[in-house]
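One structure below.
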């Protein structure tokens with residue numbers, strides 16, 4: 001059966017840059033709005049600690065299938081009127097291969113809330129984006145999204161072969177597992193059992209969402225199509241000009257004179273090879289112009305995924321003052337040598353190249369990075385390792401160097417690593433206040449399309465909307481679309 005998938009996919013940018021407000025706006029036009037599931041439990045508990053002043057988070061929690069779980073979360077984190085200025089956030093506990101049930105419940109509820117709000121009151125489609133590299137929360141995130149009737153799952157930063165089978169199992173409320181790589185040891189399995197986590201709640205069959213892995217080559221796409229544990233429904237083909245994490249160059253890593261990875265012919269994707277897979281695909285990474293979109297569609301692509309233009313729109317989750325300052329800087333100053341974007345081969349604890357916007361005040365500035373006291377208190381990018389006694393531990397190359405070495409890590413792996421977890425929370429106005437009273441510093445990520453964001457800025461206003469992005473790419477008639485409340489089921 002041929003599925004009428006949207007032409008435009010809004011990128012799933014974390015942490016909570018692609019929040020429910022942005023996803024809902026895009027979805028209402030008939031395109032695919034995406035919420036980010038990265039660190040979503042921390043987003044939920046910090047919204048509650050900030051007072052949930054508009055009541056949306058608590059309203060969504062009232063729709064959560066287990067009110068007992070929802071109330072436990074509210075009791076633990078909600079602060080009437082919001083936390084006092086300068087008071088640190090109460091942190092969520094960190095994940096492990098076997099995480100506490102309370103943490104898994106919190107994660108299920110957090111992803112439910114984000115998807116439920118994005119889908120509230122209309123029949124448009126909504127997806128969730130996750131990173132394969134962040135193994136430990138993903139099962140609970142997927143289940144929470146599916147409880148909220150999510151339509152699509154998109155996953156990158158790795159090779160997510162196991163996810164299709166996981167979706168099949170979770171749709172039947174069955175126990176599912178994911179392999180977790182272990183440094184100095186064999187892979188282990190982290191499990192999620194709805195029957196245990198949902199505490200005896202009556203569980204009904206769930207819709208199995210479409211699954212689109214993010215790939216950087218037709219070879220990887222073919223492998224996923226043939227060797228995944230279940231059905232793959234399409235692909236996002238992401239090139240090295242996209243924001244966030246990029247796939248490393250094929251072959252040995254080489255750097256240009258600015259210290260960025262060099263991508264070559266082997267890293268270019270042949271659209272004819274993608275079309276030959278007979279599954280829909282979307283191109284991502286500096287394709288956000290009507291001309292480029294038409295060109296790739298003429299070569300067989302179903303459409304494009306757009307991140308950066310949406311990330312700097314009014315509906316994005318980026319802190320308003322930070323977003324407006326970034327746009328003003330881009331519009332009124334000369335970009336640094338090489339443009340506003342730097343692809344850093346070292347900053348991400350994942351080991352993947354990571355794009356950072358070269359804006360004043362960011363942790364990407366060397367002085368800010370060196371002056372920050374290293375701490376790992378969120379832990380989403382930690383790696384599992386085997387201790388000498390055979391038990392498992394967690395370590396992050398961005399944590400204090402002495403701690404990392406004590407855990408068996410190599411000092412050379414810590415050089416240049418940045419705490420993306422805390423920096424990305426700062427991007428959305430939820431910067432942690434550390435013990436010395438210092439707030440964490442932001443690190444905006446964006447694709448190369450940031451160099452052209454000025455084409456959408458409204459004269460005299462210094463900003464633009466998500467609907468302006470859709471109008472620019474697909475036409476004003478699409479941007480004016482408002483879908484009715486009746487849901488039209490399109491899944492097989």
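Nothing in this text is a laboratory measurement; each read-out follows from the coordinates by a stated rule. Predicted model, so just to flag it, every value in this text is computed and none were measured. Quick reminder, even Gly has a Cβ in these numbers, built from the backbone with ideal geometry, and neighbours come from all protein chains shown.
Structure notes:
- Cα-based values for region 178-253, radius of gyration first and Dmax second, are 17.3, 52 Å.
- Label zone (residue 273, point 7 Å along Cα-to-C-beta; backbone nitrogen cut-off 11 Å) within region 221-248: 221-223.
- Separation between Cα centres of region 384-398 and region 302-318, rounded to whole Å: 37 Å
- Pairwise centroid distance, computed over Cα atoms, of region 119-180 with region 54-80, Å: 22 Å
- Three-way shape call for region 42-104 based on the alpha-carbon gyration tensor, with the a/c threshold at 1.5: oblate
- Cubic angstrom per residue, convex hull over Cα atoms of region 392-454: 139 Å³
- When region 403-492 is reduced to its Cα atoms, the Kirkwood hydrodynamic radius in Å: 18.2 Å
- With 5 Å bins beginning at zero, the pair-distance distribution over Cα atoms of region 259-303 amounts to 5, 20, 27, 21, 16, 8, 3, 1 %.
- Virtual paramagnetic centre 7 Å along Cα→Cβ of residue 186, amide N under 20 Å, in region 149-167: 162
- Theoretical FRET efficiency, 1/(1+(r/R0)^6), r = Cβ-Cβ of residue 174 and residue 98, R0 25 Å, to 0.05: 0.85
- The rule of thumb for compact globular proteins, 2.2 N^0.38 Å, goes into the C-alpha radius of gyration of region 213-265 1.35 times.
- With one equal scatterer per alpha carbon and no solvent term, the Debye-computed log10 I(q)/I(0) for region 1-100 at 0.12, 0.17, 0.24 1/Å reads -0.52, -0.92, -1.29.
- When all alpha carbon pairs of the chain are counted in 20 Å bins from zero, the resulting P(r) reads 24, 62, 14, 0 %.
- Overall Cα dimensions of region 355-464 - principal axes, largest extent first, Å: 64, 31, 22
- Pairwise Cα inverse-distance average, inverted: Kirkwood Rh of region 277-378 (Å): 16.5 Å
- Evaluated over the Cα positions of region 440-488, the convex hull gives a direction-averaged projected area, one quarter of its surface, of 6.5 nm².
- DSSP bridge pairs, the chain: antiparallel proportion in percent, nearest 5: 35 percent
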